[in-house]
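Data block below; observations after.
The values are calculated or read from the model by the stated rules, or taken from the named source; none is laboratory data. None of these values were measured; they are calculated from a predicted model. Neighbour counts run over all protein chains shown; Cβ positions are idealised from the backbone, glycine included. Accessible surface is based on the protein model in full, side chains and every heavy atom, while ligands, DNA and RNA are left aside. Shrake-Rupley method; radii C 1.70, N 1.55, O 1.52, S 1.80 Å.
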Amino acid sequence: VNWDGNKFTVPALGVSGLMAQNGYVNFGKLVGGLIVQWGTGTMTSNNSITLSLSVTANILAAIPFDISNTANVYPLAWDSTTRDAVRIFCTNSGDSNAVGYVAICR
């Protein structure tokens, strides 16, 4: 395993990742391109939050969670244009909601 700060790579397996508050583990070809990523942040006015790592295919599953206890979050939608943001649906929209997510992507 090669470490560079919070980033790591396992060249023999093609695995890499970022172990941080907003991070990911990219399992590469070892597991069919599976990426598990997580993050927290404040939603923008259009109820989106940027992923830790852009994905090339799609989000297979996502779990949002409400950090501020005001957002009342619902499942996420993938932004197929930029592939680097998820849209969080909530009953209290606005840009002051602290939210987080765990996403399984390819």
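Screening the range 24-50 for residues that are at pLDDT 80 or above, under 11 Å from the mean Cα position of the chain (by Cα) and not hydrophobic (A, V, I, L, M, F, W, C) and picking the one that is surrounded by the fewest Cβ atoms within 10 Å (Cβ to Cβ) gives T40.
In the range 35-44, what residues are closer than 15 Å to I59 by Cβ and of a type in the set (A, V, I, L, M)?
Correct list: I35, V36.
Checking each residue in the range 10-34 for being in a strand (DSSP E or B) and either of a type in the set (F, W, Y) or within 23 Å of N58 (Cα to Cα) (or both) picks out V15, S16, G17, L18, G23, Y24, V25, N26. Can you list residue pairs whose Cβ atoms sit under 8 Å apart, with the first residue in the range 54-66 being outside any strand (DSSP E or B) and open to solvent by 80 Å² or more (accessible area, probe 1.4 Å) and the second being modelled with pLDDT of 75 or more and of a type outside the set (S, T, Y)? Count only pairs 6 or more apart in sequence or on different chains. Within 8 Å, the pairs are T56/G33; T56/R106. Going residue by residue through the range 15-34, is there one that turns out to be under 19 Å from C105 (Cα atoms), touching a Phe, Trp or Tyr at 6+ places or on another chain (Cβ under 6 Å) and touching a residue at least 60 places away in the same chain (Cβ under 8 Å)? Looking for residues that are under 19 Å from C105 (Cα atoms), touching a Phe, Trp or Tyr at 6+ places or on another chain (Cβ under 6 Å) and touching a residue at least 60 places away in the same chain (Cβ under 8 Å), one finds at least one in the range 15-34, hence yes.
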